[in-house]
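What follows is one structure encoded as structure tokens, with my remarks underneath.
The values are calculated or read from the model by the stated rules, or taken from the named source; none is laboratory data. What you are looking at is a predicted structure, and each value in this text was computed from that prediction instead of being measured. FYI the Cβ positions are ideal-geometry reconstructions off the backbone, even for glycines, and counts take in every protein chain you see.
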Amino acid sequence: MRDCGSISNSAGSCRETFAVYYLEKDSEAAPSASDAAQMKATYTKAQDVTAEHVFVLGGMGKVNRATVPVGPLTGAGFHLALRDRGACINLLSVRASFKKCPATIANLAHFPGTPAGPSLAMLAVAKGACVANAEEASVPLKMHCTSEGDWVVPVGGCRCRPGYQSNEVVTACTATVEDPVALPEVESEQGLSQDALGPSSCGQLEGLLRANQQLLEKQAEALGRLTRTVEALNSSLLALSRRLPPAPGEPPQYRLAEDAIAPGAGDGDGN
């Protein structure tokens, strides 16, 4: 934008500002505004834009950038209009954009991407839905999106359904997994393995629980046999260690086995 002071005979007619207007529309048909009066009656003024940097003829100018908030908007779209009242200006580009809060998950509830609220005092409300394998714990499920595109003030929340647990960041419910104890594979009398013990109906639940109890008893018996085998092996290793000769250079050590002492074994010449 050119400095009005560098233009001769421009007092009272030169401006270093221009105005931005907008009009909400639900169609692409352009409205007509042949003069300033019709424009003011049809459009809504958003803001006067003042140049931060001006240039003089023959000098190097700097590019001005300005952000003009438009709204609040309720229609499907809008038209922009710029009113120049005497500025010596070169408009390089105009870009229309909007802010939004990205899709997010909070308290096990999913909230979709939501356009930002129209002003600091007016927040956009987004309704949430529980994530997979979760159910509502408190309602309503909603969160608020500020004019800067930030989520604030979550309301309500969900909880994981029975058999599921939340992850550390409270964004998903996963199946509860218990670490199984490694035991020998044993089948019950009904031929059911551990992988087939999931109840398929209420009527089969009692039978499956009974089969599961029998399976646990067989596993306990197998574990008992394994324990006795380990104890016997330990006893054999202990007896073997008593019969090993001493290492070279070590004095011999004499041990008497418990079953090697017989009645009268102490009678003799003492050797």
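Taking each residue of segment 157-169 that is part of a loop (DSSP other than H, G, I, E, B) and looking for partners that are among the hydroxyl-bearing types (Ser, Thr, Tyr) with beta-carbon atoms closer than 7 Å, six or more apart or interchain, yields GLY163/THR176; ASN167/THR174.
Checking each residue in segment 126-156 for being touching a residue at least 40 places away in the same chain (Cβ under 8 Å), part of a strand (DSSP E or B) and in contact with a His (Cβ under 9 Å, 6 or more places away or on another chain) picks out TRP151, PRO154. For segment 1-34, filtered to residues that are of a type in the set (Val, Ile, Thr) and part of a strand (DSSP E or B), the residue that is surrounded by the most Cβ atoms within 10 Å (Cβ to Cβ) is VAL20. Residue count for segment 89-116 satisfying the condition of being polar (S, T, N, Q) and surrounded by 14 or more Cβ atoms within 10 Å (Cβ to Cβ): 3. For the residues SER119, SER147, the requirement of being surrounded by fewer than 16 Cβ atoms within 10 Å (Cβ to Cβ), under 30 Å from VAL68 (Cβ atoms), of a type in the set (Ser, Thr, Tyr) and at pLDDT below 95 singles out SER119.
Matching residues to (1) among the aliphatic types (A, V, I, L, M); (2) assigned by TED's automatic domain parsing to the domain that holds SER147:
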{"residue": "TYR22", "(1), (2)": "no, no"}
{"residue": "ASP26", "(1), (2)": "no, no"}
{"residue": "VAL68", "(1), (2)": "yes, no"}
{"residue": "VAL94", "(1), (2)": "yes, no"}
{"residue": "LEU108", "(1), (2)": "yes, yes"}
